[in-house]
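Read through the structure below, which is laid out as structure tokens, and then see the notes.
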Amino acid sequence: MYAPRKLAAALLGLCPWRHCHRRRLAVAAGISVREALGKVDGDTKNIKVQGWVRSVRAQKEVLFLHVNDGSSLESLQIVAEPSLRNRAISFGSSVEVHGTLVNSAGKKQKVELRADEIRVIGECDTTDFPFKIKEHHPPEYLRQFPHLRCRTNTFGSLLRIRSEATAAIQDYFRSNGYVHIHTPVITSNDCEGAGELFQVEATNRVPAPGDDAGFFGVPAFLTVSGQLHLEVMSGGLARVFTFGPTFRAENSQSRRHLAEFYMVEAEISFTESLEDIMQVMENLFKSTTTSLLSKCPEDMNLFFKYVSPGQEGRLDRLIKNKFIVMSYTEALDILQRCGHSFQHRTEWGCDLQTEHEKYLVRHCGDVPVFVTDYPYDLKPFYMRDNEDGPQHTVAAVDLLVPGIGELFGGSLREERHHILQSRLKTLGLDHTYQWYLDLRKYGTVPHGGFGMGFERFLQCILGVDNIKDVIPFPRFPYSCLL
């Protein structure tokens, strides 16, 4: 119940807690560093900025700080009276600064914040802090501190680019009529058939004697791909995609493999053309890359300048040129005739290795290359049989890109019930994939799809050598920090 005085004040439209009201009016408006840097009018009073100190410079008559909150590559300069100097203000400490945003007299920034108050939120022990001011730290060193490396310029830029790339991919699919499907992380399917699976089991479950069915009643695994679940959905929705984590228990320490990574996958119904699938791959790659160049210029330029000089020109070539198309047989012919000594064999029927893929891209002028129609025995059961005689192939395609090798993999799917049934029976999988055969009995249509490794895409466009440096928390054999 209101007290009589408060009730009267409320009826008159007055605030009975007038002293509190005055204090609320005095609270500074909180803005991000990016917003502050974007203001051009200057002289904006009562501003509050929160972030981490990137540098401290104390002079006799003035104190300079640079504060960054992760919203932009550039930091905001704070100018303060020496009396506001606090020993707790150091490189790495978190602060809250109140003051007036003004046009800067210096040439390095357009605006700066004239501080009235600087409050240290969290102190930083600069002696033990693993990153030192104005010191270059190589990626291998930063990987040791996954809980702190977001504080660095390079990794902060990577995370903003990664976020924008996620949005650009979503925008591409949404603007082209695709429905986003959340495919499961836990599955009973081995989509790739390679057996590189992480099995899932409940740690608190005590199985009864002879009970080997597991928590779910069937063997369950972390997914290696959302493709088969997308195929289910493509039976009722003509264009679908998914974007989520996938897992491979591959014992590899290479620069292009992770145990956990993100995949972009799409499935398209009512298509009998591998060219249709390839066109979507090319459009997705170019659309996403163009969007990043437009929306993240400062962050992209950091990589162009310090990580991979010349990468901007290489990207321009990827965007402007039409991707090259060749068959697997044509690719083998190039490899066999080139005179180069490869570590792995190049006979027809052998899988293309990374060294082969990179050579083919260089041979084609560092323009992405589609390789189509792989040998039947190399590919999984779901790829469409070309029924093409002695050199038996399937309607599969990989997109190879500079510096990486395979980025996309796709195919037309085998929609013919009798051919699919025969292949599954030969492989001893007809009972396991009876549901997959059912899809071919009830209103099936010609369809196809693809998957793109998201981290490999980031490696490709940024020129990053190691895939562990384009994901926040890399998982690979013998390493699961945090």
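Key figures for this structure:
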quantity: Residue within the stretch 281-296 that is touching a helix residue (DSSP H, G or I) at 6+ places or on another chain (Cβ under 7 Å) and more than 27 Å from Gly177 (Cβ to Cβ) present; calculated: no
quantity: The stretch 127-138 residues that are more than 15 Å from Val307 (Cα to Cα), paired with ones that are open to solvent by less than 100 Å² (accessible area, probe 1.4 Å) and among the basic types (Lys, Arg) (beta carbon under 7 Å, 6 or more apart); calculated: Phe131/Arg151
quantity: Count - residues of the stretch 354-374 that are out of contact with any Ser or Thr (no Cβ under 9 Å at 6 or more places or on another chain) and either within 24 Å of Ser422 (Cβ to Cβ) or open to solvent by 20 Å² or more (accessible area, probe 1.4 Å) (or both); calculated: 8
quantity: Failed condition for Glu347, given (1) in a loop (DSSP other than H, G, I, E, B); (2) open to solvent by less than 40 Å² (accessible area, probe 1.4 Å); (3) on the phi < 0 side of the Ramachandran plot; (4) of a type outside the set (A, V, I, L, M, F, W, C); calculated: (2)
quantity: Residue tally, condition part of a loop (DSSP other than H, G, I, E, B) and open to solvent by less than 30 Å² (accessible area, probe 1.4 Å), over the stretch 248-272; calculated: 4
quantity: Residue match in the stretch 196-203 (condition: part of a strand (DSSP E or B) and at pLDDT below 95); calculated: yes
quantity: Residues of the stretch 69-84 satisfying the condition of being touching a residue at least 40 places away in the same chain (Cβ under 8 Å) and touching a strand residue (DSSP E or B) at 6+ places or on another chain (Cβ under 7 Å); calculated: Ser75, Leu76, Ile78
quantity: Unique match (being surrounded by 13 or more Cβ atoms within 10 Å (Cβ to Cβ) and closer than 30 Å to Thr289 by Cα) among Asn189, Asn176; calculated: Asn176
quantity: One residue from Val79, Val53 being β-branched (Val, Ile, Thr) and either closer than 30 Å to Glu164 by Cα or modelled with pLDDT under 95 (or both); calculated: Val53
quantity: Among the candidates Pro245, Pro219, Pro209, residue that is surrounded by fewer than 15 Cβ atoms within 10 Å (Cβ to Cβ) and not in a loop (DSSP other than H, G, I, E, B); calculated: Pro245
quantity: Residues (among the polar types (S, T, N, Q), within 30 Å of Ser90 (Cα to Cα) and in contact (Cβ under 8 Å) with a residue 60 or more places away in the chain) located in the stretch 145-179; calculated: Asn153, Thr154, Ser157
quantity: Residue in the stretch 95-104 that is modelled with pLDDT under 95, open to solvent by 30 Å² or more (accessible area, probe 1.4 Å), over 30 Å from Tyr433 (Cα atoms) and out of contact with any Gly (no Cβ under 8 Å at 6 or more places or on another chain) present; calculated: no
quantity: Residue, surrounded by the most Cβ atoms within 10 Å (Cβ to Cβ), within the stretch 35-59, restricted to residues that are under 26 Å from Lys132 (Cβ atoms) and not hydrophobic (A, V, I, L, M, F, W, C); calculated: Gly51
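The values are calculated or read from the model by the stated rules, or taken from the named source; none is laboratory data. Everything numeric here is computed off the predicted structure, so don't read it as measured data. Because the Cβ atoms are built from the backbone with ideal geometry, glycine has one as well, and the counts that use them run over all protein chains shown. In case anyone asks, the SASA skips ligands and DNA or RNA and just uses the protein heavy atoms, side chains included. Shrake-Rupley method; radii C 1.70, N 1.55, O 1.52, S 1.80 Å.
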